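The values are calculated or read from the model by the stated rules, or taken from the named source; none is laboratory data. The shown structure was predicted, so the numbers you read here are calculated from the model rather than taken from an experiment. Heads up, the Cβs are rebuilt from the backbone with ideal geometry, glycines too, and the neighbour counts pull from every protein chain shown.
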């Protein structure tokens, strides 16, 4: 099912949580809402589910306007960060709950419900645990049950709110791969919220980066990482370094010297240069480069991260070097970013 | 996941590294012995001195049996009534914000604090055939004061805070997300309450029930004013004990007391076992 969010605004007691957000989610897509806390990602997810009502705007499921429908009628599968399983029911009863509460002809016979529950339990790789209670399961197992429960009602769209947020790193990575497999097998349109960029970039077909109640950028992992369209996305996704610069006649300057980067289309004036710390070329001798004195040097896993003081105002900037690179021993290092982007200062 | 020890049974759990296990356990046992065990064993001791045949004769005396039936019966009904309305009161206090909520919240505790005799006299005045409420009920043929119904009314009054105060904190901890999950799965409001919320509250409700029930069985002060105390009709067991004491018939008094003790203990034990069982399952 295709989901369209059209000009949605949401206020909580006059405090705006979402400003005029629009988003098209394609049928069968696995899409991630990524952002820091308070960016409105969970609010957007809850609006799609119908757990909140938009102050303005509408949400369409296919051609239908879902914003007029109650939560019960929307037929969405929702998975919560803290599982929200029914403690007094067995795993099988939890999964069958959505079918059991249906009325009249829509309600399958008890045997069919049971068969379906066992089938889903098999899908989430928990066969044999149907008689357990949620308290007798580990966190990862509980979240699998929660997902099976959400899928039992054959939802139009599957919504997951930080589904792996409460689990430890090892289980997280494992479930991530597993969720991708399940998605590929079942083809549900799936939206999940996360603040973990690694999770979003690895798992999702497309990533929606949000900040302060607005969508900053929507795109594939490559789009988001390689061509961030705002300083926020640049600094939020992956490592980034930034330096205040000046643009004059299509050339980038730091303090009183050009650094060898051409920006023919950038307007003259103050700007901020963004680049990835690992995406730099070291150069010898400096005519047209960024040079700085080494202020600190740290070993981080397979690389060495060097902090440089640049320019007259001693701006600090970080670059990454191979561990055995001789430059790390020197007191002055010069480099030029390989890929970079200018944003207007502000 | 918890794994059961290979050979379960009675044994000490490994005490934690924080010291004080011996001291605190010793204190608890000594304290319980002093406050509860010694007085109660004195009771058993006295009734044991009675001899089995005498005890049996006293125990199966028709007046004793009716008094016990009335005591346990009215306490049971009152506790059941309190479970329904106490849970409702707790729900309103937890879920809704309205002016005067704190005052209502405080009012729930009044039956704890009020001398029970005062409550009994106030209720009798209200429900007597000439009283405010009694007058209204009279034409309907409902007599409250001086009947077992009056006892139930008094016990409902006394027992209410026990249910509200045990259910309220658990209700406050109910996870909003569980309700939301049920709603997204298509459950109506009514289904959410009956299938998700109430089963989750059941252990607390059972505790509230058992406390209100236990309190009702032992209640004396408020009941004797409203009950009318007619033997075989509205005479409660605690009153019968007092009557026997006033007749200097100590063996009879202790016998009734011992029976009450045995019955109460058995019922509370059953309730406790039910709870332990449910806690093990639901965690």
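Can you tell me which condition residue A:172 does not meet? The list is (1) within 28 Å of the chain's Cα centre (by Cα); (2) outside any loop (DSSP other than H, G, I, E, B); (3) within 11 Å of chain B (Cβ to nearest Cβ), and all the others hold.
Answer for residue A:172: the failing condition is (3).
Residue-by-condition table, conditions (1) away from chain B (no Cβ under 12 Å); (2) on the phi < 0 side of the Ramachandran plot; (3) assigned to a strand (DSSP E or B):
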position	(1), (2), (3)
A:44	yes, yes, no
A:51	no, yes, no
A:67	yes, yes, no
A:78	no, yes, yes
A:85	no, yes, no
A:94	no, yes, no
A:112	yes, yes, no
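Looking at A:204, A:148, which one is surrounded by 17 or more Cβ atoms within 10 Å (Cβ to Cβ) and within 14 Å of another protein chain (Cβ to nearest Cβ)?
A:148
Read through the list (1) within 14 Å of another protein chain (Cβ to nearest Cβ); (2) loosely packed, with under 13 Cβ neighbours inside 10 Å; (3) modelled with pLDDT of 90 or more, then give the number of the only condition that residue A:120 fails.
With respect to (1) within 14 Å of another protein chain (Cβ to nearest Cβ); (2) loosely packed, with under 13 Cβ neighbours inside 10 Å; (3) modelled with pLDDT of 90 or more, residue A:120 is out only on (2).
Out of B:42, B:26, B:73, B:9, report the one residue that is at pLDDT below 85, more than 14 Å from chain A (Cβ to nearest Cβ) and out of contact with any helix residue (DSSP H, G or I) (no Cβ under 7 Å at 6 or more places or on another chain).
That would be B:9, the only listed residue that is at pLDDT below 85, more than 14 Å from chain A (Cβ to nearest Cβ) and out of contact with any helix residue (DSSP H, G or I) (no Cβ under 7 Å at 6 or more places or on another chain).
Give me the pairs, please: first residue somewhere in the range A:178-200 and at positive phi, second residue anywhere and surrounded by fewer than 17 Cβ atoms within 10 Å (Cβ to Cβ), beta-carbon distance under 9 Å, and either six or more positions apart or on two chains.
A:187/A:27; A:187/A:28
Condition (residue is more than 19 Å from residue B:68 (Cα to Cα), touching a helix residue (DSSP H, G or I) at 6+ places or on another chain (Cβ under 8 Å) and within 14 Å of chain A (Cβ to nearest Cβ)) applied to the range B:206-228: is it met by at least one residue?
yes
Among the residues of the range A:53-65, write down those that are over 15 Å from residue A:18 (Cα atoms), part of a loop (DSSP other than H, G, I, E, B) and without any contact (Cβ under 8 Å) to a residue 60 or more places away in the chain.
Scanning the range A:53-65 gives a single hit, A:63.
Listed residues B:113, B:57; which is within 25 Å of residue B:244 (Cβ to Cβ) and surrounded by fewer than 17 Cβ atoms within 10 Å (Cβ to Cβ)?
B:57
Go through (1) touching a residue at least 40 places away in the same chain (Cβ under 8 Å); (2) within 14 Å of another protein chain (Cβ to nearest Cβ); (3) in a helix (DSSP H, G or I); (4) within 30 Å of residue A:24 (Cα to Cα) one by one and return the number of the condition residue A:158 breaks.
(3)
Would you check which residues across the range B:143-187 are within 14 Å of chain A (Cβ to nearest Cβ), in contact (Cβ under 8 Å) with a residue 12 or more places away in the chain and either assigned to a helix (DSSP H, G or I) or under 16 Å from the mean Cα position of the chain (by Cα) (or both) and list them?
B:170, B:178, B:179, B:182
Tell me the residue from A:182, A:215, A:224 that is in contact with a strand residue (DSSP E or B) (Cβ under 6 Å, 6 or more places away or on another chain) and in a helix (DSSP H, G or I), please.
A:224
Considering (1) surrounded by fewer than 16 Cβ atoms within 10 Å (Cβ to Cβ); (2) away from chain A (no Cβ under 14 Å); (3) part of a helix (DSSP H, G or I), say which one residue B:190 fails and leave the rest.
Condition (2) is where residue B:190 drops out.
Residues that are closer than 30 Å to residue A:77 by Cβ, surrounded by fewer than 16 Cβ atoms within 10 Å (Cβ to Cβ) and at pLDDT 90 or above: does the range B:164-173 have at least one?
Within the range B:164-173, one or more residues are closer than 30 Å to residue A:77 by Cβ, surrounded by fewer than 16 Cβ atoms within 10 Å (Cβ to Cβ) and at pLDDT 90 or above.
Just name the residue that is nearest to the chain's Cα centre (by Cα) out of those in the range A:301-346 that are loosely packed, with under 11 Cβ neighbours inside 10 Å and closer than 25 Å to residue A:231 by Cβ.
The qualifying residue nearest to the chain's Cα centre (by Cα) is A:346.
Yes/no matrix, rows are residues, columns are (1) touching a strand residue (DSSP E or B) at 6+ places or on another chain (Cβ under 7 Å); (2) more than 18 Å from residue A:324 (Cβ to Cβ); (3) touching a residue at least 24 places away in the same chain (Cβ under 8 Å); (4) part of a loop (DSSP other than H, G, I, E, B):
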{"position": "A:259", "(1), (2), (3), (4)": "yes, yes, yes, no"}
{"position": "A:266", "(1), (2), (3), (4)": "yes, yes, yes, yes"}
{"position": "A:272", "(1), (2), (3), (4)": "yes, yes, yes, no"}
{"position": "A:277", "(1), (2), (3), (4)": "yes, no, yes, yes"}
{"position": "A:287", "(1), (2), (3), (4)": "no, yes, yes, yes"}
{"position": "A:291", "(1), (2), (3), (4)": "yes, yes, yes, no"}
{"position": "A:294", "(1), (2), (3), (4)": "yes, no, yes, no"}
{"position": "A:298", "(1), (2), (3), (4)": "yes, no, no, no"}
{"position": "A:309", "(1), (2), (3), (4)": "yes, yes, no, no"}
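Would it be correct to say that residue A:136 is surrounded by fewer than 20 Cβ atoms within 10 Å (Cβ to Cβ) and facing chain B (nearest Cβ under 10 Å)?
Against the criterion (surrounded by fewer than 20 Cβ atoms within 10 Å (Cβ to Cβ) and facing chain B (nearest Cβ under 10 Å)), residue A:136 qualifies.
Is one or more of the residues making up the range A:189-212 out of contact with any helix residue (DSSP H, G or I) (no Cβ under 6 Å at 6 or more places or on another chain) and over 27 Å from residue A:82 (Cβ atoms)?
no
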